[in-house]
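The values are calculated or read from the model by the stated rules, or taken from the named source; none is laboratory data. Worth saying up front: this structure is predicted, and the values here are computed from it rather than measured. Cβ placement follows ideal geometry from the backbone for every residue including glycine, while neighbour counts extend to all protein chains displayed. Each accessible area value is taken on the protein alone, full model and side chains, heavy atoms only, with ligands, DNA and RNA left out. Shrake-Rupley method; radii C 1.70, N 1.55, O 1.52, S 1.80 Å.
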Amino acid sequence: MAQDIKVKTEKTAKDHTKIGAVIILVISAIVFIPFGGYEVISALFGKRDVPVFGSYKGKKITYEKGAVFTNVTENLAERYKAYGINVDSSSSYYLFTEAFAETVKNMAYVDEVTRTGYSVPDEAVNRMLVNYFMDETGNYSPKLYNMTDKATKKSLREGVVKSLEYNRFRDDLLGSSSLSLKDSPLYGIKVSSKEEAFLTDMGKEKHSFKYVAFNTEEFPEEEAVKWARMDNNKDKFVKYDMSAVTLESEADAKALLKQLTSNEITFEDAVSEKSEKYYTDDDGKLSRPYRYLLEISIPDSANLEKVTSLQAGTLSDVIPTSRGYSIFRKDGADKTADLSDSETVNVIIGYIKTNEHGYIEDYYTNIAKDFTAQASMSTFEEAAGNFSVEVKETEAFPLNYGSSSIYDSVPADNTELANLRTNEDALQKAFALKSGESSVPVVLGANIIVFRCTGITRDNSDSDSKALASKLENVNYYCAEETLMKSPNVENKVWDAYFANFTESGRNSN
């Protein structure tokens with residue numbers, strides 16, 4: 001939800017003459033009173049047609065002077081600048097994305113309020129307007145009001161009406177901490193006292209850990225060679241000296257084969273003039289010459305054998321490939337995998353990481369088991385030194401699957417644990433530990449982790465129900481926005497507008 005942008009009320013007579021500008025600056029971005037930044041932001045677009053960022057119920061959302069989307073964008077840009085964010089082509093996509101969501105919410109909420117026949121009472125508008133004509137003592141100042149020009153007061157009143165219409169729907173649906181009765185929201189979603197106690201208690205117990213991480217990305221070459229020697233895995237890395245020409249149509253490929261066999265066209269000319277080059281370089285040589293890659297290009301095993309068993313200098317039949325129809329030519333002898341060659345070993349490591357990652361996980365899991373056994377006989381730190389891994393520690397945090405914003409989550413500085421928040425198995429194993437216990441090895445992203453619980457604490461201080469209510473309110477606002485943005489009534493073309501106006505490729509295509 002867009003937040004109020006607060007400014008200080010200046011005391012000099014000169015600055016009081018600019019009260020209209022000061023009033024506008026304290027209005028929330030959702031009120032849609034422009035800050036006057038249209039010329040600055042519109043300059044980013046250059047001299048182009050009015051950009052269309054999408055629509056709601058068929059009504060276009062455009063960036064042009066006076067449009068709701070434009071006003072929201074300008075106000076959010078002011079907020080960006082207040083936070084020290086430079087509004088330029090690199091940040092504009094995020095600015096427009098946020099402005100689009102705010103605009104859609106306003107259109108949807110105001111539509112619903114209008115449909116009910118509700119109109120904002122003048123008394124409610126006046127009560128809000130009084131707040132914008134306060135002096136330094138916090139009292140209403142007729143002088144400030146009289147010093148404000150009619151156009152500014154009219155614009156301000158219109159903005160307040162729009163804001164109250166928007167807030168009427170938002171508060172009725174979601175409630176508001178500013179409208180309460182005995183510390184309970186007057187409207188919207190309610191939380192029972194028992195539910196509040198339950199939610200508050202969930203975040204009180206916190207566990208802290210020390211851990212070591214075995215990085216599976218650091219798979220040693222000797223283990224890759226060991227794997228290659230198992231179960232004929234080495235055969236996957238036979239390297240073929242072949243060329244190929246590929247066409248989209250089977251009929252065209254068969255016609256080309258007749259031309260090749262009758263010497264009406266050379267293979268080289270066929271590659272240059274006709275080939276799609278899906279599997280080759282510009283000269284027609286296979287760019288994926290290893291057997292395991294050919295297995296992907298040629299799904300049928302019988303056809304694969306026809307191609308790999310070709311004699312040097314001969315052509316294959318037309319072979320259906322994963323993309324198109326190919327004619328292969330054997331150019332030279334096959335090369336078996338040389339496991340002493342570093343380039344070949346790197347190819348094998350790449351294959352294992354992509355296709356046999358379980359083997360790598362098993363390898364490091366066994367090392368982690370040995371670590372755990374040694375740590376049980378000495379100390380966690382001594383075992384870590386012997387296994388050349390670093391012991392890291394976490395701050396205490398609660399069990400929080402999915403990193404709900406209501407509670408603390410996994411500390412951000414523990415990068416090896418980045419995937420812990422969404423790994424149910426790892427969370428269960430870690431939080432089941434008693435203080436001083438170590439876990440079994442846990443697969444977590446690219447690492448194999450061994451946890452040791454260093455402490456379990458419980459916060460028994462009085463809970464802040466208002467803080468919880470505020471967090472729940474923010475969650476409700478977020479969910480409402482996410483649900484609305486997935487509505488079939490919303491057409492989101494923010495990326496298209498951004499691409500066309502702020503990327504070199506998009507500008508060149510216009």
>> Return the residues of the range 277-296 that are open to solvent by less than 60 Å² (accessible area, probe 1.4 Å), in contact with a Leu (Cβ under 9 Å, 6 or more places away or on another chain) and not in a strand (DSSP E or B); say none if nothing qualifies.
In response: Tyr279, Arg291, Leu293, Leu294
> Restricting attention to the range 80-99, does a residue exist that is aromatic (Phe, Trp, Tyr), over 18 Å from Thr503 (Cα atoms) and touching a residue at least 24 places away in the same chain (Cβ under 8 Å)?
Replying inline: no
> Among the residues of the range 366-385, is there at least one that is of a type in the set (Gly, Ala, Ser) and within 20 Å of Lys234 (Cα to Cα)?
Replying inline: no
>> Can you tell me which residue is nearest to Val238 (Cα to Cα) among those in the range 302-337 that are touching a residue at least 60 places away in the same chain (Cβ under 8 Å), assigned to a loop (DSSP other than H, G, I, E, B) and β-branched (Val, Ile, Thr)?
In response: Thr336
> Which of the following residues is loosely packed, with under 15 Cβ neighbours inside 10 Å and of a type outside the set (A, V, I, L, M, F, W, C): Ser409, Ser403?
Replying inline: Ser403
>> Just to verify a result, which residue in the range 362-390, among those that are closer than 30 Å to Glu295 by Cβ and open to solvent by 50 Å² or more (accessible area, probe 1.4 Å), is farthest from the chain's Cα centre (by Cα)?
In response: Asn366
> Out of the range 51-67, which residues are crowded, with 20+ Cβ neighbours inside 10 Å and of a type in the set (A, V, I, L, M)?
Replying inline: Ile61
>> Quick check on Glu395: is it in contact with a Ser or Thr (Cβ under 9 Å, 6 or more places away or on another chain) and either at pLDDT 90 or above or in a loop (DSSP other than H, G, I, E, B) (or both)?
In response: yes
>> Looking for something under 27 Å from Glu218 (Cα atoms) and touching a residue at least 40 places away in the same chain (Cβ under 8 Å) - is there at least one such residue anywhere in the range 422-435?
In response: yes
> Which of the strands (runs of 3 or more DSSP E) contained wholly in the range 439-503 include at least 3 residues that are farther than 23 Å from Ser208 by Cα and in contact (Cβ under 8 Å) with a residue 24 or more places away in the chain?
Replying inline: 490-492
>> Just the residues that are closer than 14 Å to Leu173 by Cβ and surrounded by 13 or more Cβ atoms within 10 Å (Cβ to Cβ), please, taken from the range 476-500.
In response: Asn476, Tyr477, Ala480, Glu481, Leu484
>> I'm trying to understand the selection: among the residues of the range 90-118, which are of a type in the set (Gly, Ala, Ser) and surrounded by 12 or more Cβ atoms within 10 Å (Cβ to Cβ)?
In response: Ser91, Ser92, Ala99, Ala101, Ala108
> Is it the case that some residue within the range 103-117 is part of a loop (DSSP other than H, G, I, E, B), at pLDDT 85 or above and over 30 Å from the mean Cα position of the chain (by Cα)?
Replying inline: yes
> Among (1) modelled with pLDDT of 85 or more; (2) of a type outside the set (Asp, Glu); (3) outside any helix (DSSP H, G or I); (4) in contact with a helix residue (DSSP H, G or I) (Cβ under 9 Å, 6 or more places away or on another chain), where does Tyr187 come up short?
Replying inline: (1)
> Among the residues of the range 259-276, is any in a loop (DSSP other than H, G, I, E, B), of a type in the set (Lys, Arg) and closer than 21 Å to Ser297 by Cβ?
Replying inline: yes
> If you check Ser388, Ser403, which single one turns out to be in contact with a Lys or Arg (Cβ under 9 Å, 6 or more places away or on another chain), in a loop (DSSP other than H, G, I, E, B) and without any contact (Cβ under 8 Å) to a residue 24 or more places away in the chain?
Replying inline: Ser403
> Only one of Asn510, Asn460, Asn489 is more than 29 Å from His207 (Cα to Cα), at pLDDT below 80 and in contact with a Lys or Arg (Cβ under 9 Å, 6 or more places away or on another chain); which?
Replying inline: Asn510
